Amino acid sequence: MSDEVTPSPDPAAAGAPADHPVPPVGEPSPELYDRIEDALREVVDPELDINIVDLGLVYDLSFDETGELVISMTLTSAGCPLTDVLEEQIGASLADVVRSFRINWVWMPPWGPERITPEGRDMMRALGFTI
């Protein structure tokens, strides 16, 4: 089950270069995937202070038929009041990487600590969490 929300900002307003080629439908190339993932590592969950990639919140990255990046992701809890903060951070981090994006909020399967990467676990331990 998912709810699609969050249209991306106008690329010109977000500072995205207009010369980004429209990628093919489906998964990004390995090089572009790495660039997107690196950019998303700049986006930090405001409650846990860990980036959304290593926290395991990003489930999938793909491009739709219009060339828009679709980020399928979840939150640590469905009632998180800080989605707008994450959306703004995502927009800023991707401004120089893709023309536009949208977030497909996914609630199934629910997030759990098993989704945290080894790097994310190290970050959480450094913050005093026991995992």
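Quick notes on this one:
Each row is one residue, and each column tells you yes or no for (1) under 20 Å from V25 (Cα atoms); (2) under 11 Å from the mean Cα position of the chain (by Cα).
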| site | (1), (2) |
| --- | --- |
| L57 | no, yes |
| S72 | yes, yes |
| A78 | no, no |
| T83 | no, no |
| M108 | no, no |
| P113 | no, no |
| R121 | no, no |
| G128 | no, no |
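- When the residues of the range 45-68 are filtered to those that are assigned to a strand (DSSP E or B) and in contact with a Leu (Cβ under 9 Å, 6 or more places away or on another chain), the one that is surrounded by the fewest Cβ atoms within 10 Å (Cβ to Cβ) is S62.
- Selected residue [more than 25 Å from I131 (Cβ to Cβ) and at pLDDT 95 or above] from V53, V22, V70: V70
- Check on G79, under 17 Å from D54 (Cβ atoms) and either loosely packed, with under 14 Cβ neighbours inside 10 Å or free of Cβ contacts under 8 Å to residues at least 12 places away in the same chain (or both): no
- Considering D34, D38, the condition of being within 12 Å of the chain's Cα centre (by Cα), part of a helix (DSSP H, G or I), exposed (fewer than 13 other Cβ atoms within 10 Å of the Cβ) and modelled with pLDDT of 95 or more is satisfied by D38 alone.
- Residue in the range 106-127 that is in contact with a strand residue (DSSP E or B) (Cβ under 6 Å, 6 or more places away or on another chain) and either basic (K, R) or surrounded by 15 or more Cβ atoms within 10 Å (Cβ to Cβ) (or both) present: yes
- Residue list for the range 87-105, filter: loosely packed, with under 15 Cβ neighbours inside 10 Å and part of a loop (DSSP other than H, G, I, E, B): D96
- When the criteria are applied in full, D84 meets the requirement of being in a helix (DSSP H, G or I) and exposed (fewer than 12 other Cβ atoms within 10 Å of the Cβ).
- You will find that of E65, E42, the residue that is touching a Ser or Thr at 6+ places or on another chain (Cβ under 7 Å) and either within 24 Å of P28 (Cα to Cα) or among the β-branched types (V, I, T) (or both) is E42 and no other.
- Residues (in contact (Cβ under 8 Å) with a residue 60 or more places away in the chain, within 14 Å of R115 (Cβ to Cβ) and among the β-branched types (V, I, T)) located in the range 33-62: I50, V53
- Complete set of residues in the range 112-131 that are in a loop (DSSP other than H, G, I, E, B) and either touching a Phe, Trp or Tyr at 6+ places or on another chain (Cβ under 9 Å) or at pLDDT 95 or above (or both): I116, T117
The values are calculated or read from the model by the stated rules, or taken from the named source; none is laboratory data. Everything numeric in this text was worked out from a predicted model, so none of it was measured. So basically every Cβ, Gly included, is an ideal-geometry build from the backbone, and we count neighbours across all protein chains shown.
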